[in-house]
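The values are calculated or read from the model by the stated rules, or taken from the named source; none is laboratory data. Computed from a predicted model, the values in this text were never measured in an experiment. For neighbour counting, all protein chains shown are included, and Cβ atoms are generated from backbone atoms with ideal geometry for every residue, glycine included.
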Amino acid sequence: MLDAPYNFSASQIGLMSLAPFIGTTVGTLIVGPVSDYIALRLAKRNNGIYEPEMRFWVFLPFIPFQLAGAWWFGYALAEGQSWVQVAMAYGISNLGSAPLQSLALTYLLDAYGEIIGDALTALTVVRNLLSTIFVFAMPAWAAAVGIPNVFNTIGAIGAVILSFAGFFLWKGKYLRVRTAKVYKHWAERQFEARPVSG
């Protein structure tokens, strides 16, 4: 955005972060109460038994926002659309992605609470590794195939990853039951800072 048609200054580029901030804030404010409400309703319908996978029903409506925002952002930049359209695409993408991240972390906490420290560490390492790869690969990648194709590919990768929400709705409980012994094995090896009372 430093080049034409935008010719933004450093402060103007910084102000573009307001759009994803607004999208993230709105998405986060919506997803918390809605997720809890839906989970409670589904638990009541399930004879009072809560299953962590119930939260994935809330996951599904946010997926189109994340994907559409990412694809629109790439096309808006490539076609030199107005900065307002670029900012809106950026905000819409974050409106979808912030709730998705929040729900994924909530699922991890609900389903694998005894090993949450290890799970979050692994998740953070993978996320930061992928972010680092994209930062260093993005300029050469965009120069080789063009910005729209980069964001099409990122959107396609996102769609594949996000499709696992449907898979976990379908087979999540089955997978938790099948991996219960492995989960117990790792849960017993967790560090406990509190003194053990006898």
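Just a few scattered comments:
- Test: residue in segment 150-169 that is of a type in the set (Phe, Trp, Tyr), surrounded by 14 or more Cβ atoms within 10 Å (Cβ to Cβ), under 20 Å from LEU60 (Cα atoms) and touching a helix residue (DSSP H, G or I) at 6+ places or on another chain (Cβ under 6 Å): yes
- For segment 80-92, the criterion of being modelled with pLDDT of 95 or more, of a type in the set (Val, Ile, Thr) and within 14 Å of the chain's Cα centre (by Cα) is satisfied by at least one residue.
- Odd one out for SER11 among (1) among the hydroxyl-bearing types (Ser, Thr, Tyr); (2) in a helix (DSSP H, G or I); (3) in contact with a helix residue (DSSP H, G or I) (Cβ under 8 Å, 6 or more places away or on another chain): (3)
- Residue within segment 114-137 that is over 23 Å from SER17 (Cβ atoms), hydroxyl-bearing (Ser, Thr, Tyr) and surrounded by 16 or more Cβ atoms within 10 Å (Cβ to Cβ) present: no
- When each of ARG55, ARG41 is tested for being charged (D, E, K, R), assigned to a helix (DSSP H, G or I) and crowded, with 20+ Cβ neighbours inside 10 Å, the lone residue that passes is ARG55.
- Options SER82, SER97, SER102, SER93: the member that is over 30 Å from LYS171 (Cα atoms) and of a type in the set (Gly, Ala, Ser): SER82
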